[in-house]
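Chemist: What follows is a single structure, and I will ask about it in a moment.
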Amino acid sequence: MGDSAADDSKIPITVDFSGGLEILFSNQRHYALSLPAADKDGSPSTIKSLVGYLLKELIKDPRQDLFVLDGHIRPGILVLINNADWELEGEEDYELQAGDNIFFVSTLHGG
Amino acid sequence: MAPALCAVCKTARALIKRPKNHAKLCKTCFITIFEDEVHHTIISSKLFFPGEKVAIGASGGKDSTVLASVLKTLNERHGYGLDLVLLSIDEGIKGYRDDSLETVKKNAIDYDMPLKVVGYDELYGWTMDQVVETIGKKGNCTYCGVFRRQALDRGAKMLGIKHVVTGHNADDVAETVLMNLLRGDLPRLSRSTSIITGDSRSEVKRSKPLKYSYEKEIVLYAHHKKLLYFTTECIYSPEAFRGSARGLIKQLERVRPSSILDIVRSGEDMARLVPGASSSGCGCKGKEDAPLTAEEEEVGGGCGSSAGRPPGGEMAAMDRQLRENEEAEGLEIDVAKTMASKQEPKRELPIRNSNSKPTTQQVLGNCRLCGYMSSQDICQACTLLEGLNKNRAQIQI
Ligand SMILES: [Zn+2]
Ligand SMILES: [Zn+2]
């Protein structure tokens, strides 16, 4: 899927937060976002790019370390890509496709 | 990459990768297997008897919501004949329980179960908001935890129910094992691995049917079954999971997902080497459940994980150990036998007891003030209440 890598158009995706993570994102669970199709270096946008975007543009709460720890999604937060465990999809390196839904859910809150 | 197919049905797309064995499963097969495994735990540990009235400790959170859903499903599927009731505790924290109680009410309708809500104010004369007003935010999780454990039992008693199930999961148990390992508290470690707490001497039995269920799978089960649950940090302990044993568990899981169950199993194996300790676990191994009081349970149950050992706990633990050391005399032999019969290499593991040798025998009795089962004259809740009430008296003067 590398052909579109140089394309600098945007990719529309939806992002959902649950399990308490929505608290970090202005208490809003659902977002429709438009991400650059490629990173600055021209490589296709990945989950990693999305996380960088979320930290830069979307997170309002100062407690960013509840979402990202040492540069990676905090252990205990599950990521689903189109409802599939991101471990089945390449985790942070998964290349975003138009229409993808990325779902972040924390398991860290009380039960 | 091409989507992976389910390892069981080989037709549907795999959506779940199981932490315990890396199996890739579709949604339907995952839900079935998750339920089957809880059923296996229930049957092999002989948790219930037909016609038993069981209260589900319901917080509105993911664990108790999944527990209620799974128990309803299994009760109908396998004809357990259980009479299930939702039991909720209102700690009296403004803005914290209000929404979660709404969730529990919705669950009660969805699962067609009666709901009983018991407030700290009616049980103890104190809401958590009032406790915090009096003692400050530091250490209040201890109060909350001690009060909650009794609250479930007392609520159950009010309903005439002798069995309370809670949503404690494998991550909770692993966390407790680790914390007690770090403290060097093997007796408490062994008790914390038990699937059933309380015995004929206690009026209310406690058990954890989700003891072997990963928190990750509980969240995924709720997600894929579209269960409604409520999440919020307890506003009095927002930092509870930072830098905690819980954080460590999650990091271990990221590196090697089977770690969590491995820690649980290790805890169970260590438990068998501790005098008077429970072994519990999957009844497949034909183990017995050891008696212990509900107030010995350490897992925080929704209030974060940083709750320390309650005041008085050290003394209580010491008292119990005195008793247990006496009762445990034949155990090392049993352990040796078991090992020999399994053809395992013979080992000698030194057991370190932090306390002196037994001098007195403690008899498990009831709290002098409230009648709750306690190994001490006055139970933990009443001890805390005494302190609180003294404070209140001083303020009034
Ligand atoms: Zn399948
Ligand atoms: Zn008492």
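The values are calculated or read from the model by the stated rules, or taken from the named source; none is laboratory data. The structure presented is a predicted model; accordingly, all values stated were derived computationally and were not measured. No Cβ is skipped: glycine too gets one built from the backbone with ideal geometry, and neighbour counts run over all protein chains shown.
Chemist: Of the residues B:ARG154, B:ARG149, which is crowded, with 16+ Cβ neighbours inside 10 Å and out of contact with any Gly (no Cβ under 9 Å at 6 or more places or on another chain)?
Modeler: The match here is B:ARG154.
Chemist: In the range B:149-176, what residues are within 12 Å of the chain's Cα centre (by Cα) and not hydrophobic (A, V, I, L, M, F, W, C)?
Modeler: Listed by number, the residues that qualify are B:ARG149, B:THR166, B:GLY167, B:HIS168, B:ASN169, B:ASP171, B:ASP172, B:GLU175, B:THR176.
Chemist: Right, next: If we keep just the residues of the range A:45-72 that are in a strand (DSSP E or B) and facing chain B (nearest Cβ under 9 Å), which is nearest to B:CYS6 (Cα to Cα)?
Modeler: A:HIS72
Chemist: Among the residues of the range A:80-102, what is the count of those that are surrounded by fewer than 20 Cβ atoms within 10 Å (Cβ to Cβ), part of a strand (DSSP E or B) and either without any contact (Cβ under 8 Å) to a residue 60 or more places away in the chain or hydrophobic (A, V, I, L, M, F, W, C) (or both)?
Modeler: Summing the residues that are surrounded by fewer than 20 Cβ atoms within 10 Å (Cβ to Cβ), part of a strand (DSSP E or B) and either without any contact (Cβ under 8 Å) to a residue 60 or more places away in the chain or hydrophobic (A, V, I, L, M, F, W, C) (or both) in the range A:80-102 gives 0.
Chemist: Being in contact with a Gly (Cβ under 8 Å, 6 or more places away or on another chain) and at pLDDT below 95 narrows it down to one residue among A:HIS72, A:HIS109; which is it?
Modeler: A:HIS109
Chemist: Separate question: Tell me which residues, restricted to the range B:126-184, are charged (D, E, K, R) and outside any helix (DSSP H, G or I).
Modeler: Hits for the range B:126-184 are B:LYS137, B:LYS138, B:LYS162.
Chemist: For the range B:377-392, which residues satisfy the criterion of being within 10 Å of ligand 2 (Cβ to nearest atom) and of a type outside the set (D, E, K, R)?
Modeler: Passing the criteria: B:ILE378, B:CYS379, B:GLN380, B:ALA381, B:CYS382, B:THR383, B:LEU384, B:LEU385.
Chemist: In addition: Tell me, please, whether a residue that is in contact with a Lys or Arg (Cβ under 9 Å, 6 or more places away or on another chain), more than 9 Å from every other protein chain (Cβ to nearest Cβ) and in contact (Cβ under 8 Å) with a residue 60 or more places away in the chain can be found in the range A:37-44.
Modeler: The answer is no, given that none of the residues of the range A:37-44 is in contact with a Lys or Arg (Cβ under 9 Å, 6 or more places away or on another chain), more than 9 Å from every other protein chain (Cβ to nearest Cβ) and in contact (Cβ under 8 Å) with a residue 60 or more places away in the chain.
Chemist: What's the number of the condition B:GLU102 fails, among (1) under 21 Å from B:GLU203 (Cβ atoms); (2) surrounded by fewer than 16 Cβ atoms within 10 Å (Cβ to Cβ)?
Modeler: It fails just one condition, (1).
Chemist: Take A:LYS40 and decide whether it is of a type outside the set (Gly, Ala, Ser) and in a helix (DSSP H, G or I).
Modeler: So A:LYS40 does not fit the description; no.
Chemist: Under the condition of being within 16 Å of ligand 1 (Cβ to nearest atom) and aliphatic (A, V, I, L, M), which residue from the range B:2-20 is farthest from the other protein chains (Cβ to nearest Cβ)?
Modeler: Top of the filtered list is B:VAL8.
Chemist: Which condition number in (1) part of a loop (DSSP other than H, G, I, E, B); (2) at pLDDT below 95; (3) closer than 28 Å to A:ALA84 by Cβ is the one that B:LYS94 fails?
Modeler: Among (1) part of a loop (DSSP other than H, G, I, E, B); (2) at pLDDT below 95; (3) closer than 28 Å to A:ALA84 by Cβ, B:LYS94 violates only (3).
Chemist: Within the range B:31-44, identify whether any single residue is away from ligand 1 (no atom under 16 Å from the Cβ), touching a residue at least 60 places away in the same chain (Cβ under 8 Å), surrounded by fewer than 24 Cβ atoms within 10 Å (Cβ to Cβ) and assigned to a loop (DSSP other than H, G, I, E, B), and answer yes or no.
Modeler: Checked the range B:31-44: no residue is away from ligand 1 (no atom under 16 Å from the Cβ), touching a residue at least 60 places away in the same chain (Cβ under 8 Å), surrounded by fewer than 24 Cβ atoms within 10 Å (Cβ to Cβ) and assigned to a loop (DSSP other than H, G, I, E, B).
Chemist: Do you know which residues across the range B:49-81 are part of a loop (DSSP other than H, G, I, E, B) and within 15 Å of B:GLU35 (Cβ to Cβ)?
Modeler: Scanning the range B:49-81 gives B:GLY79, B:TYR80.
Chemist: Do we have B:ALA23 as of a type in the set (A, V, I, L, M, F, W, C), within 16 Å of ligand 1 (Cβ to nearest atom), farther than 19 Å from B:GLU215 by Cβ and within 14 Å of another protein chain (Cβ to nearest Cβ) here?
Modeler: No.
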